[in-house]
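Comments concern the structure below.
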2 protein chains.
Amino acid sequence: MSDSLRLGIAGLGTVGAGVVKIVRRKQALLAARSGRAIEISAVSARNRDKDRGVPLGDYAWEDDPVALAGRDDVDVFVELIGGSDGPAKAATETALKAGKDVVTANKAMLAHHGQALAELAEKNGAALRFEAAVAGGIPVIKALTEALAGNEITRVLGVMNGTCNYILTRMESAGLSYDEVFAEADQLGYLEADPNLDVGGIDAGHKLSLLASIAFGTQVAFDAVELEGIGRIGIDDINAAADMGYKIKLLGVTRMTGRGLEQRMTPCLVPAASPLGQLDGGTNMVIIEGDDVGQIVLRGAGAGEGPTASAVMGDVMDLARGLRVTTFGVPASRLTSVTTAQASAPAPYYLRMNLLDKPGALAKIAAVLGESGVSINRMRQYGHQDKTAPVLIVTHRTTFQAMEMAVAAMGETGVMEAAPVVLRIEDL
Amino acid sequence: MSDSLRLGIAGLGTVGAGVVKIVRRKQALLAARSGRAIEISAVSARNRDKDRGVPLGDYAWEDDPVALAGRDDVDVFVELIGGSDGPAKAATETALKAGKDVVTANKAMLAHHGQALAELAEKNGAALRFEAAVAGGIPVIKALTEALAGNEITRVLGVMNGTCNYILTRMESAGLSYDEVFAEADQLGYLEADPNLDVGGIDAGHKLSLLASIAFGTQVAFDAVELEGIGRIGIDDINAAADMGYKIKLLGVTRMTGRGLEQRMTPCLVPAASPLGQLDGGTNMVIIEGDDVGQIVLRGAGAGEGPTASAVMGDVMDLARGLRVTTFGVPASRLTSVTTAQASAPAPYYLRMNLLDKPGALAKIAAVLGESGVSINRMRQYGHQDKTAPVLIVTHRTTFQAMEMAVAAMGETGVMEAAPVVLRIEDL
């Protein structure tokens with residue numbers, strides 16, 4: 001048996017404490033599988049005195065994660081501090097510069113500094129692994145980088161924020177408003193300290209930008225992600241979408257188009273009967289499409305102590321076994337800087353509006369859609385409520401530009417109570 | 001860039017030809033990702049003159065796969081011949097003895113000789129990889145062996161034979177008998193040369209035995225798999241199961257119990273609304289449950305040129321990158337030989353029978369079930385057809401032994417037209 005692999009763990013929240021528990025509880029199993037003992041040399045966190053449900057007395061303590069990252073008795077620096085900059089980044093850089101491997105769950109840091117950190121890792125012969133940063137326990141980074149390495153990836157899409165999916169499915173099942181469910185989620189402790197990271201789609205956007213980089217061999221470009229959270233989704237939209245056979249999801253989609261890289265993290269409609277449509281609660285799902293493999297669907301818990309610690313340990317075990325791949329699947333110097341696709345590929349769209357009780361109102365809407373080149377697939381008008389009538393339209397596939405033109409023209413007709421709700425329908 | 005990785009490919013059926021196409025078409029992509037050129041040195045098949053839709057003139061030809069496996073210009077022997085013994089095994093052994101790595105899609109060979117081949121590989125410092133042997137393009141071997149290496153695996157289950165799933169779902173959707181759909185599948189070329197490999201559950205049983213070995217660190221024990229094909233499943237059972245909210249699947253299940261290793265590949269009922277219940281047609285699904293990760297669901301094409309070649313290439317790319325793990329996740333010498341669990345863990349059961357038109361018939365059935373300690377959860381009696389009345393029973397969780405006793409006692413009552421159909425319901 002080789003020498004042991006010595007970890008330094010910075011950040012002892014639920015995930016960090018979970019990793020410590022696994023290393024302590026499963027010594028024999030981990031050693032049998034990796035051929036080496038996995039040990040913890042030192043740990044670091046803000047508060048030394050907090051009870052984390054696991055004894056830490058066997059390990060050296062460092063108040064400063066940068067000091068931990070530089071210790072001679074640390075082979076792998078496990079970064080579970082979080083935050084795109086500050087101590088997490090400083091300690092990661094220290095470890096990489098010292099040629100130490102790094103395992104991190106920090107999607108924000110990689111979304112903002114992935115290229116620089118990947119270059120730093122390679123320059124120093126170190127590995128930088130981050131399975132836990134995307135979709136919790138689901139091995140999506142490994143699947144894309146390794147298992148599907150013989151494929152040209154054509155599209156990656158999925159639900160990557162359990163909190164948003166919980167809110168949307170809870171709104172539907174309980175018939176509650178966004179604000180009511182948001183308050184519930186807050187009370188249950190489901191929200192990040194800055195809730196906009198979740199409901200604003202930022203956290204999920206970070207993840208999507210990492211998947212896009214691996215899928216297409218491009219430099220991480222989080223700033224180019226088209227980002228919209230779930231704040232404008234009302235219970236009326238959820239019910240109307242259900243009525244037409246759809247579910248609303250905060251959906252991440254990335255594909256390489258002839259016009260550049262498309263990266264979107266926005267509310268979309270998906271068929272209710274599809275695997276994505278049936279995904280309830282806090283579960284995550286990532287779908288990978290490749291030219292040879294076809295469509296692979298991966299589903300599991302996207303957050304929480306066990307699933308996230310499982311992903312961290314997967315990376316640690318790879319390093320213990322000597323399995324090392326470049327950060328984003330190709331050498332950092334070969335990651336290309338690409339144009340952002342300015343508008344999405346053609347898609348069907350969903351429109352919801354309230355028409356005023358005027359003769360010919362529906363005809364006017366239908367006419368301006370036709371004039372904009374947008375063809376109607378299905379339409380439903382419901383009975384008048386007060387002075388307006390709800391109308392739902394599902395279009396045939398059309399461009400975003402045509403849809404924008406149509407919506408502008410609809411505004412000129414004077415027959416709508418307000419601008420329509422427009423949501424893309426993602427083909428599956 | 002390192003030296004190129006040189007493949008010798010034996011077997012040029014759809015998968016072998018698919019691998020050749022990928023290596024030819026994606027030279028630049030494969031080299032960028034692995035850091036090495038992937039080349040083909042030599043190929044082998046039974047018929048040199050057959051047109052396989054891809055030019056082979058660049059490669060040396062060997063009539064004998066054993067000669068191919070021993071060539072000095074082959075680093076990785078890719079075994080796509082098939083068959084548990086014969087040339088596939090002889091050539092694999094030749095390659096391993098020469099210290100060459102082997103990538104294979106041969107589930108039968110590994111199910112029967114996995115332990116010996118794993119020992120041979122390790123003795124000679126060679127790797128033996130087989131992602132393509134289980135569930136086609138779905139990276140289930142990699143997920144279990146590497147990504148989830150920090151978990152105690154608690155259960156692995158799934159649908160691992162697309163032909164059986166196609167037959168069962170087609171029977172339901174078209175209302176056809178088993179024999180009619182079997183004939184259809186035969187005409188469409190979906191069946192193996194020996195159809196019993198598919199419909200008898202043998203092929204799927206091979207796969208399950210490999211997953212069990214990796215999941216639990218045990219020696220492959222295909223002979224200990226409880227095996228039953230789909231031949232006795234009638235359209236009446238499919239319809240009755242649907243009526244009670246279930247689908248019938250040829251379901252593989254393996255778990256480690258206090259009494260030993262449970263391995264079953266048998267027709268089971270699963271909830272119609274579960275991911276497994278919704279799996280239609282030739283798609284495969286494998287569900288992995290671990291103590292930390294919870295439940296991971298993997299879904300994709302289980303067969304076909306592209307998906308299977310994708311899995312072969314995933315293994316080849318791993319070897320090109322220097323990623324090497326032991327065959328079954330721990331050294332072959334540490335794989336344990338375990339007792340087979342003689343009876344399954346308690347489960348609910350489904351019973352279908354036709355009761356004779358006699359007073360008190362149903363009461364007698366209910367009474368003997370109760371006397372055997374089997375408690376009824378749900379029951380439906382339908383109207384009499386001719387002289388019998390169909391009855392469906394879903395029991396509460398009970399042991400296989402209690403169920404066997406109950407069925408024997410039911411036979412003594414004289415109120416059933418024939419012995420009941422009994423199927424296990426797998427909890428999800």
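For a Förster distance of 30 Å, can you work out the FRET efficiency between the beta-carbons of B:Thr399 and B:Asp291, rounded to the nearest 0.05?
0.75
Take segment B:108-255, compute every pairwise Cα distance, and split them into 10 Å bins from 0; I just need the percent in each bin.
11, 36, 31, 17, 5, 1
Rounded to two decimals, what ratio of Rg to Rh does the protein assembly as shown give with C-alpha atoms and a Kirkwood Rh?
0.99
How many nanometers, to one decimal and shortest first, lie between the label point of A:Ala28 and those of its other copies, if labels sit 7 Å from Cα toward Cβ?
In ascending order, 5.4 nm.
What does the charge add up to near A:Ala98, with Lys and Arg as +1, Asp and Glu as -1, over the other residues with Cβ less than 11 Å from its Cβ?
Here the count lands on -1.
How much of the calculated P(r) for chain B lies past 28 Å, in percent of all Cα pairs?
In whole percent, the long-distance tail amounts to 52.
Using a 10 Å cut-off on Cβ to Cβ distances, tally the other chain neighbours for every residue of B:309-315 and report the average as a whole number.
6
A:Ala242 label points, 7 Å along Cα→Cβ, one per copy: pairwise distances from this copy to the rest in nm, shortest first?
2.5
When a footprinting reagent is the concern and you count Cβ atoms within 10 Å, what order do B:Ile235, B:Ile393 take, fewest first?
Result, fewest neighbours first: B:Ile235, B:Ile393.
Given labels modelled 7 Å from the Cα in the Cβ direction, how far is it in nm from A:Gln27 to B:Ile376?
The answer from the label model is 5.6 nm.
Using the crude model of +1 on Lys and Arg Cβ and -1 on Asp and Glu Cβ, and no other charge, please compute the dipole size for chain A relative to its Cα centre, in debye to 20.
Computed about the Cα centre, the dipole is about 780 debye.
Could you tell me, in Å, what Rg and Dmax come out for the Cα atoms of segment B:349-425?
According to the Cα coordinates of segment B:349-425, Rg and Dmax are 11.4, 34 Å.
If a helix is a whole DSSP H run, which ones in chain B reach 20 Å or further along their own axis (Cα) and hold a mean Kyte-Doolittle hydropathy of at least -1.0?
Going by DSSP H runs, the hits are B:107-123, B:202-216, B:305-320.
I'd like to know which of B:Ser372, A:Ile425, A:Val391 lies farthest towards the positive end of the charge dipole of the protein assembly as shown, counting +1 on Cβ of Lys and Arg and -1 on Cβ of Asp and Glu.
It is A:Ile425.
Give the residue list of trypsin sites (Lys or Arg not before Pro) in segment A:25-77 that are DSSP loop and have at most 14 other beta-carbon atoms within 10 angstrom.
Answer by residue number: A:Arg46, A:Arg48, A:Lys50.
List the GluC sites (Glu not before Pro) in segment B:325-428 that DSSP assigns to loop (not H, G, I, E or B) and whose Cβ has at most 16 other Cβ atoms within 10 Å. Which are they?
Passing sites in segment B:325-428 are B:Glu417.
Can you check what the net charge comes to around B:Arg33, using other residues whose Cβ is under 12 Å from the Cβ of B:Arg33 (Lys, Arg +1; Asp, Glu -1)?
Spelling it out: positives minus negatives among the neighbours equals +1.
Mind checking which of A:Gly290, A:Gly200, A:Gly86 has the largest fluctuation in a GNM of chain A, springs on alpha carbons under 10 Å?
A:Gly86
When the helices in chain B are scored as -39500 (n - 2.57) per DSSP H run of 4 or longer and the sum is shared across all residues, what 222 nm value do you end up with, to the nearest 500 deg cm²/dmol?
After summing the helix terms and dividing by residue count, I get -10500 deg cm²/dmol.
Defining the label point at 7 Å along Cα→Cβ, can you sort the distances from A:Ala408 to the same site in each other copy, shortest first, in nm?
8.2
List the trypsin sites (Lys or Arg not before Pro) in segment B:252-338 that DSSP assigns to loop (not H, G, I, E or B) and whose Cβ has at most 13 other Cβ atoms within 10 Å. Which are they?
Within segment B:252-338, the qualifying trypsin sites (Lys or Arg not before Pro) (loop, at most 13 other Cβ atoms within 10 Å) are B:Arg259.
How many nm is it between the label spots at A:Arg259 and A:Ile235, if each spot is 7 Å from the Cα in line with the beta carbon?
Output for this residue pair reads 3.8 nm.
Can you name the chain A residue with its Cβ nearest the rotation axis from A to B, and give the distance in Å as a whole number?
Measuring from each Cβ to the axis, the minimum is at A:Leu323, 2.
Taken together, the values in this text are just the output of simple stated rules run on the coordinates, not laboratory data. No experiment lies behind these values; they were computed from the predicted model shown. When we count neighbours, we look across all protein chains shown, and the Cβ atoms used for this are built from the backbone with ideal geometry, even at glycine.
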